[in-house]
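The values are calculated or read from the model by the stated rules, or taken from the named source; none is laboratory data. Treat the numbers as computed from the prediction; the structure is a model and nothing was measured. Heads up, the Cβs are rebuilt from the backbone with ideal geometry, glycines too, and the neighbour counts pull from every protein chain shown. Quick note on the areas: whole protein, heavy atoms, side chains included, nothing else; ligands and nucleic acids left out. Shrake-Rupley method; radii C 1.70, N 1.55, O 1.52, S 1.80 Å.
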Amino acid sequence: MRFRSRLVVDLNLFAENISQLRSHCSQNEILLMVKANAYGHGLVPIVKFSVEELKIKEFGCATLQEALTIREELKDLEFEVYVFSDVQLDVSDSAHLYLNRRITPVISSLRDLKWVLENKEFAHLPLSLKFNTGMNRLGLESYQVGDVISLLKANGRKTIHHLMSHFASASLFIQKNKQSQRQIEEFAKIKKELTAAGILFEKSSMSNSGAIEQDVGLEETHIRPGLMVYGPSSLIPKYKEKSWWQGKNISALDTYIIKTFPVEKGTPIGYGATPCPDNGIIAVIALGYGDGLSTNYQGATVHHKGFAGIICGKVNMDMAQVLFPSQAEEKLKEGDYIRIWGHDTADVIRLAEETGAITYELFCQLTNRVPRIYSFR
Ligand SMILES: *Cc1c(COP(=O)(O)O)cnc(C)c1O
């Protein structure tokens, strides 16, 4: 692990983001999405803080292993955890873990639903069902509602614990997006059919960050925020004014300057001998693609002491080179901390544009060579 290159996670900012979310969505319970290592911010510390300090009670993972990790590491805490996609109910070794560790699988197929209903051991498993309303990825199909109802009735079940669906295009302007509107109608129809058949659902949710930010789906009992609680808006920059969200980036990615040296335009730099685009001064920084600073960062901007540098030459596994203007020479010091992104979400949004990525990806791609350091109060 590194020391001076690190992701500093400011839990006060996380708490502020959650409180902003709660005051805007005062009628909704939060099912916090913590898949992919809490979007790169550290699964266990984020869940622990959320339960202990913020009284969040429900979490969403993508894999059974993620859910097991928080159950095992946070044995004394009371919370509910869902596994959304990589459920693996049909793997006999994993199925019993749902029961033993109180993990709720989100059922997305008739096959899994049958399996659970017909397996006596699972008679008390809370049923969480996810319907496909237009995402066309996972989910029970809306034309299968009748089958779902018959299956539930045949097995003496009248209650769905949590009924869900998922938006495909919440990063766009939902009010003007036909596909999202169709998804909303489909979900309403599914709920109506279930209700008409006497099936109750205790909880329901549809909205990910993009939808929450546009006040869509707040009539359900729950919201399922991911990206926004870590800082950035989920809306694409073109629609950013459609969002009320004013989150702070909870993380800052810091590294330091290992070495500086002056260069002339054309000097071959690093692997592949990329000619330096200009005269200036090079700062070698201690982050590379082995840390999650992908090769797409070539050409991206790094600000330091009022100067803008450009990542030039190929990003290496362990290092990258930043070209600063010659005037920065006096100011750049070996050993200086240098910030790749800070708490203003504009930083990661700009980097996503410059690297052709999405902010989700910039967070998730950080490897465990970058220590996560937590600050609170
Ligand atoms: C990831 C995920 C979310 C959260 O999505 P964001 O865009 O990060 O808010 C919500 N629901 C489900 C099922 C998810 O997989």
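The value obtained for the chain, namely the Cα convex hull volume divided by the number of residues, is 150 Å³ per residue. Listed by chain and number, the aspartates and glutamates whose C-alpha is less than 13 Å from the C-alpha of K238, apart from same-chain residues fewer than 8 away, are E353.
Report note on the peptides 79-89, 21-31: ranked by the mean count of other C-beta atoms within 10 Å, highest first, their order is 79-89, 21-31. When a 1.4 Å probe is rolled over the protein heavy atoms, the share of accessible surface on the stretch 250-302 that falls to carbon and sulfur comes to 52 percent.
Counting only lysines at least 8 places from K242 when in the same chain, those with an alpha carbon closer than 19 Å to its own are K176, K178.
Approximating the spin labels as points 7 Å out from Cα along Cα→Cβ, the E141-to-D86 distance works out to 2.7 nm.
Packing, taken as the mean count of other beta carbons within 10 Å per residue, orders the peptides 274-286, 225-237, 131-143 from highest to lowest as 225-237, 274-286, 131-143.
A Cβ-based charge dipole, computed about the Cα centre of the chain with Lys and Arg at +1 and Asp and Glu at -1, lands at about 360 debye. So how far, in whole Å, is the C-alpha centre of the stretch 282-335 from the one of the stretch 12-84? One Cα centre to the other: 34 Å. Positive-end ranking of Q20, S109, F59 along the dipole of the stretch 1-128, with charges on Cβ about the Cα centre, is headed by Q20. The Rg/Rh ratio for the stretch 294-377 is 0.96, where Rg is the radius of gyration of the alpha carbons and Rh is the Kirkwood radius.
Taking label positions 7 Å along the Cα-Cβ direction at both E121 and H303, the computed distance is 5.6 nm, reported to one decimal. Reducing the stretch 101-158 and the stretch 240-274 to their Cα centroids gives an inter-centroid distance of 46 Å.
Modelled label positions at Q179 and D215, each set 7 Å beyond Cα in the direction of Cβ, lie 2.5 nm from each other. Efficiency by 1/(1 + (r/R0)^6): what FRET value for E78 and H24, r their Cβ-Cβ distance, R0 = 25 Å, to the nearest 0.05? Calculated value: 0.45. When the C-alpha to C-alpha distance is required to be over 22 Å, the pairs from K248/K331; K130/K240; K55/K75 that qualify are K248/K331; K130/K240. Using R0 = 30 Å, the C-beta based FRET efficiency linking F376 and I236 works out to 0.40. Extension gain, K192-Q246: 0.36 nm per intervening residue step, less the Cα-Cα distance, totals 16.0 nm. Against the criterion of solvent-accessible heavy-atom surface with a 1.4 angstrom probe, E213, E121 sort, most first, into E121, E213. Using 0.36 nm per residue and subtracting the Cα-Cα separation, the extra length available between T367 and K153 on full extension is 72.3 nm. With all protein chains kept in place, the per residue accessible area of the stretch 1-144 amounts to 45 square angstrom at a probe of 1.4 angstrom.
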